[in-house]
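Just so you know, all these numbers are worked out from the coordinates, no wet-lab data involved. Just so we're clear, the structure is a prediction, and the values are computed from it rather than from any experiment. Backbone-built Cβ (ideal geometry, glycine too); neighbour counts: all protein chains shown.
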Amino acid sequence: MKKYDFLIVGAGLAGATAAHELTKKGNKCLVIDRRAHTAGNIYTENVDGINVHRYGAHIFHTSDKKIWDYVNSFVDFNRYTNCPVAKAPDGKLYNLPFNMNTFYQMWGVKTPDEAQARIDEQRQQAISRMQADGVTEPRNLEEQALTLIGHDIYEKLIKYYTEKQWGRKCTELPAFIIRRLPVRLTFDNNYFNDSYQGIPIGGYTRLIEKMLSGVEVRLNTDYFENRQELDGLANKIIYTGEIDRFYDYQFGTLQYRTVSFDTEIIDSSNYQGNAVVNYTDATTPFTRIIEHKHFEAFGNEVYANPKTIISREYSKEWKPGDEPYYPVNDDKNSNLYAKYKALADSEKKVIFCGRLAEYKYYDMHQVIAATLEKIAALV
Ligand code: UDP
């Protein structure tokens, strides 16, 4: 008789979802995490009354009512709507995602028809160039961006930001990354197309704590330092860490991007007037500045706290010992992942869940949906 039905490696969103569901169905679970806190990369910490997104901005959004109801069953969500602003190489500010405000700022066009004509003209140039090379489908992020939105927007708002974020040329990145961003002919700065959006009131750590309530959690516990002993404790394992590490990098290491933050408390109640400002030029070394209070304080609430906290976000290539954030889903890494996935699929006792274990550029709602599905198939 093992002491636990499930050992859950990782106390982030995937681990917490699995733990909650399995516990609800009567399983005895042990959740471990090598960090000193739960919530993984969605961890928020209250500093001077402001919930700081320690591992970068997280904005919950989904069109799936079931997933929205699910997260709201643990904590209430506020009405935050992500409307990032970009500081471009020309020094001007532009609204994101690409919408009528952006087109007006970029070209002075005032109607959807005028904007569409400008976009079509630029798209057509890109399509003709590709056709001349015998290419029918965009082969990479640059071609995708140029055929979606054209040269001006690509140069001012996409190229350098993307190359800073991924540390690779846009011609070496997969097209799907940019398809995340909507293009709209309305004056609508909402970054997401989803029906539901918000931030858990009181921060993400509260959400995870609620999900983990009644579940045994051991922090500061590294799976790989005590692997045999930990494996011996449970009948099955839910693993949410990096899949290549699980298999001792036997086929080679997958690449990740990591992010570092330079966080500062500032003696002003409002530093940049928005939660997210992207720096889409090549010279600024960071990709964006997050001003954390704007995720949870609206209107006059912003001024209730005389201080504010900002984080400059720097993107770099992951190396062992860093926190992995983004899988690099280019061909080389996707092929390598496929080898690990084949091993994972043959496991009888181990289920792989989440961004790192599935090597997927998942959003939070997708992590929950995928994990719920895997757990439902189990019990
Ligand atoms: N992107 C861009 N300019 C921006 C913001 C995003 O070109 O100002 C592109 C970039 O290629 C990035 C992708 O859109 O990798 C996805 O951005 P998102 O903000 O969704 O990424 P995340 O919030 O996950 O870092």
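Between the alpha-carbon centres of region 40-56 and region 268-316 there is a gap of 13 Å. Applying the Karplus relation 6.51 cos²θ - 1.76 cosθ + 1.60 with θ = phi - 60° to region 20-33 yields 3J(HN,Hα) values of 4, 5, 5, 5, 4, 8, x, 8, 8, 10, 10, 9, 10, 8 Hz, where x marks Gly and Pro. Highest mean packing first, where packing is the average number of other Cβ atoms within 10 Å per residue, the peptides 239-247, 84-92, 265-273 line up as 239-247, 84-92, 265-273.
Order the peptides 333-340, 366-373, 144-151 from the highest to the lowest mean number of other Cβ atoms within 10 Å of their residues. List each step's numbers first, then the result.
On the way: 333-340: 16.2, 366-373: 19.8, 144-151: 21.9.
The densest-packed peptide leads the list: 144-151, 366-373, 333-340.
So what's the net charge close to residue 292: Lys and Arg +1, Asp and Glu -1, counting the other residues with Cβ under 14 Å from its Cβ? Intermediate values should be presented prior to the final figure.
On the way: positive: 54, 288, 293, 307, 312; negative: 45, 48, 262, 264, 291, 296, 301, 313.
Around residue 292, the surrounding residues sum to -3.
The GNM of the chain, with springs linking C-alpha atoms under 10 angstrom apart, assigns the highest mean-square fluctuation among 95, 27, 41 to 27.
In this calculation the C-beta distance from residue 117 to residue 231 is compared with R0 = 51 Å, giving a FRET efficiency of 0.25. A cut-off of 5 Å between modelled amide H atoms, ignoring neighbours fewer than 5 places along the same chain, links residue 286 with no other residue.
Using θ = phi - 60° in the Karplus curve 6.51 cos²θ - 1.76 cosθ + 1.60, the 3J(HN,Hα) couplings for region 327-343 round to x, 9, 8, 8, 4, 4, 6, 5, 5, 5, 4, 4, 5, 5, 4, 4, 5 Hz; x is entered for Gly and Pro. From the alpha carbon centroid of region 325-379 to that of region 135-212 is 21 Å.
Determine which residues of region 152-176 fall in the zone a paramagnetic label at residue 128 would reach in this model, i.e. backbone nitrogen under 16 Å from the point 7 Å along Cα→Cβ. Residues 152 fall inside that zone. Straight Cα distances below 13 angstrom link residue 28 to the aspartates and glutamates 5, 216, with same-chain residues fewer than 8 positions distant left out.
Whole-Hz Karplus values for region 88-93 come out as 8, x, 7, x, 8, 9 Hz, taken residue by residue from phi with 6.51 cos²θ - 1.76 cosθ + 1.60 and θ = phi - 60°; glycine and proline positions read x. Rounded to 0.05, the FRET efficiency of the residue 316 and residue 282 pair, given R0 = 22 Å and the Cβ-Cβ distance, is 0.90.
For residue 127, the shell of other residues with beta-carbons less than 14 Å away shows a net charge of -3, using +1 for Lys and Arg and -1 for Asp and Glu.
DSSP finds beta bridges in the chain, and of those with both partners inside it, around 60 percent are antiparallel.
Using a ≥ b ≥ c from the Cα gyration tensor of region 95-207 (square roots of the eigenvalues), is it rounded, prolate or oblate, where a/c under 1.5 gives rounded and otherwise the larger of a/b and b/c decides, a/b for prolate? If you can, show how the numbers build up before the last one.
Details: a/c = 2.34, a/b = 1.34, b/c = 1.74.
In terms of gyration-tensor shape, oblate.
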